[in-house]
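Here the structure comes first, spelled out in C-alpha cells, and everything after it is commentary.
FYI, it's all coordinate maths here, none of it is from the lab. Worth saying up front: this structure is predicted, and the values here are computed from it rather than measured. Here the Cβ positions follow ideal geometry from the backbone for every residue, glycine too, while neighbour counts run over all protein chains shown.
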Amino acid sequence: MGMNRRLGAALLSGVVLAVSGIVPAAAAPAPTRAEPVALLAGQGVGDVNQTRDRFAVHATDLGIMWRDGRGRTAIMFGDTYGAGWGGNGAGPETADWRLNVLAHATDSNLADGLRIDSMVTDRPGHAAELLHRDPSVAEVTVIPTAGVSVGARDVVHYMSIRGWNPWTTNYAGLAYSDDGGRTWVKDPALRWPNSGGAARFQLGAFVKDGGYVYLFGTPQGRFGAAHLARVPEQRILELGAYEYWTASGWQHGADGAVPVFGGQVGELSVQYNTVLRRWVALTLDESRAAIVLRTAPAPTGPWTGGRVVVRGSDFPALYGAFLHPDSAHRNEIYFAMSQWNPYHVKLMRLRLDESLPEPNLLSDGGFEDRPVNAGTGPWAVTGKGGVDYGKGLAHTGSNNAWVRESSGWHAVTQQLAVRPGQRYRLSGWVRTSATNTDGYFGVRRAAGVLAEHKFGHLGEYTKLTVEFTADTSEIEVFGGAWALDGKDTWMQLDDVLLAPA
C-alpha cells in the first residue's frame, strides 16, 4: 500500500497488575474468528491464482471488491510489484512497480478460494497500472479504497498519497470506467480535498441501497471516525448532489458531517446483509492490531462496538478487510485481507451469525476480546492502569481493567461516536480499595463532563449507572479515581455497557 508505508497493525504488549486475590470467575466463551481460505493474489501457501506467473503480480495488497457493470466481481489491488520484489513489504521502485491493478472473477464457489479469470493487462502476462499519478501535485501513489457500479459504469474511490510518514493525502477522488475497467477517467472536478469537512472522506466504502449510493468515509490514516454521505445512484459523479449525515439529518456540504461510529477506524468495508437484515462493517482497529466487525440496523447507526474477528497475533501486520459482493446474501461472509509481510492478500471466511457483536456501543466493554497481555486497546489509560488477565479479579469472565497509585488522577477511557439528541444509558461494575474516596464513572466531551457518578469505597463489585442526552457526536467514557494524601488507592472496572436508553 506504499513504498515506505508504515507497517500494518503491530502486536501490542501491556502490563499486568493484580490488586487483590479472589476466586476467578468463569471465562466467557471465545467469539468465532475468521479463517483463511486461500491466497487471492501475491505469493505464498494456498496460491490458487498463480498471479506471479499469469500477470507478473509477485506482491500486492488490498483487493477492494464490487459487482462490476458486467456482472463480474471486480478486484482492485493497491501497490503491486513484479520481478525484483524484495520479499518483505513493498518492493523497490525498480521492481516493476504499478500503483494499482484490476482483476475480474466470475467464481461464486468461494469455499475453496476465489479464482481470478483475468486481469486488465498492458501486454500479455502483465497486469496494467490503471489509476496513474497526478502531475499537478506531489504524489507517491494512488490507492483505491472502494468500488461500485451504476449501470454499466464502474466507479472507484481512491486516495492521492502525498507521503506515508506520516500518512498524508492530497485529496480523495472518483475515477470511472465505461469499458469494463480497461481505461479510467480521473476527473479533477471529482475530488474531496484534504481540508475542512472533505478531509473526513479520504478513505471510503461504497454501498448501494434503495436507489442511493452510500459512501462511508474516514480521514487519512487509521485513527479517525467513520462519517457517512449518500447520493442518488445516477448522480454519483455530481459531488454537489451528495448529502452528508449531520446532527440534524441529511444536508449538503461535508463540513456538517458527524461520525456514525468512532474509535480507530482503519481501512473499512460495508454491506447490507439480507440474511441478517443488518448492516455489516469490517475495519482495522490499529489499537488492537485486529480486524473488527460492527453491525447496525441502518447506515446511520447505532453501530455496535467493534468485535475482533482476526487478530494480528495470528496474522502479523494484517490490515484491510474488503467484503466480497456475494457476502451480502449469506450468513457466511468472505473478505480480502492483506498482510504486510508477506506482502499478499488472502481470502478469509467468517460465520457471521455466530460472530455478531453484542448490542454495546463500546468496543470490548468486558475486556475479554483480546489475547493475554495484549495491552489496553481499544481502551486508553490516563495515569497508571491496565488490564488484569486471568487474575481472578473480574466481575465476569477472566479480565478486568484497573488503576492504582498513591497520588493524582488515574482512569481508563474509550472514545466513540453517538447521535446528538439521543438519550443513552451507561453502566459498569466497579470495585475499589478502602482508601478510595474520590472515584468517578461517566461521560465527557470536549466541553467537559456531560454526566458522571461519584463513588467512594466499594468493597464488592457494584453496578453504577449514568444516563445522559448526547449534545455532541463524539464522547469519551471514563472510569477512574483520584489517589489522595499519598494513600495507595485502586479501582477495578468491568462489564461496561453503553446503549440507547
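Once you have all Cα-Cα distances for the stretch 168-255, histogram them in 10 Å bins from zero and send the whole-percent values. With 10 Å bins starting at 0, P(r) equals 17, 50, 29, 4, 0. Near residue 450, the amide H atoms lying under 5 Å from its own belong to 443, 444, 445; only residues 5 or more places off or on other chains count, and H is placed 1.01 Å from N. Here the extension length gained between residue 434 and residue 133 equals 102.0 nm, from 0.36 nm per residue of separation less the Cα-Cα distance.
With helices as the sole contributors, the chain gives 0 deg cm²/dmol at 222 nm; each DSSP H run of n ≥ 4 counts as -39500 (n - 2.57), and the sum is divided by every residue. Take the Cα radius of gyration of the chain and divide it by 2.2 N^0.38 Å, N being the number of residues; the result is 1.00. Magnitude of the charge dipole for the stretch 380-500, about its Cα centre and with charges confined to Cβ atoms of Lys, Arg (+1) and Asp, Glu (-1), is about 160 debye. Here the relative contact order of the stretch 35-354, from alpha carbon pairs under 8 Å that lie six or more residues apart, stands at 15 percent. Computed from phi, the 3J(HN,Hα) profile of the stretch 52-60 under the Karplus parametrisation 6.51, -1.76, 1.60 (θ = phi - 60°) reads 4, 7, 7, 9, 6, 9, 7, 7, 6 Hz, with x in place of Gly and Pro. Fully extending the segment from residue 358 to residue 223 would add 46.3 nm, taking 0.36 nm per residue of separation and subtracting the current Cα-Cα distance. Lysine pairs in the chain whose alpha-carbon atoms fall under 26 angstrom of each other, counting only those eight or more residues apart or on distinct chains, come to 10.
Going toward the positive end of the dipole of the chain, with +1 on Lys and Arg Cβ and -1 on Asp and Glu Cβ, which of 465, 305, 197 do you reach last? After comparing all options, I get 465. Lys/Arg Cβ at +1, Asp/Glu Cβ at -1, dipole of the chain taken about the Cα centre: which of 51, 441, 86 is farthest positive-ward? Toward the positive end, the furthest listed residue is 441. The label-point distance for residue 95 and residue 111, in a model that sets each label 7 Å from Cα toward Cβ, rounds to 3.6 nm. Note on the stretch 125-281: Cα-only Rg and Dmax are 15.3, 53 Å. Summed over all non-identical Cα pairs, the Kirkwood treatment of the stretch 448-501 gives a radius of 13.5 Å. Summarised as an ellipsoid, the stretch 53-179 has semi-axes of 23, 20, 13 Å, derived from the eigenvalues of the Cα gyration tensor scaled by 5 and square-rooted, with the largest first.
Both the radius of gyration and Dmax for the stretch 342-474 are 17.1, 54 Å, in that order, over alpha-carbon atoms. Taking amide hydrogens as placed 1.01 Å from N in the peptide plane, the amide H of residue 252 sits under 5 Å from those of 244, each at least 5 positions away in sequence or on another chain.
Backbone phi angles across the stretch 400-408, fed through the Karplus curve with coefficients 6.51, -1.76 and 1.60 (θ = phi - 60°), yield HN-Hα couplings of 7, 8, 8, 9, 7, 5, 10, 7, x Hz in residue order; Gly and Pro are listed as x. On the basis of the beta-carbon distance and an R0 of 41 Å, residue 413 and residue 32 show a calculated FRET efficiency of 0.90.
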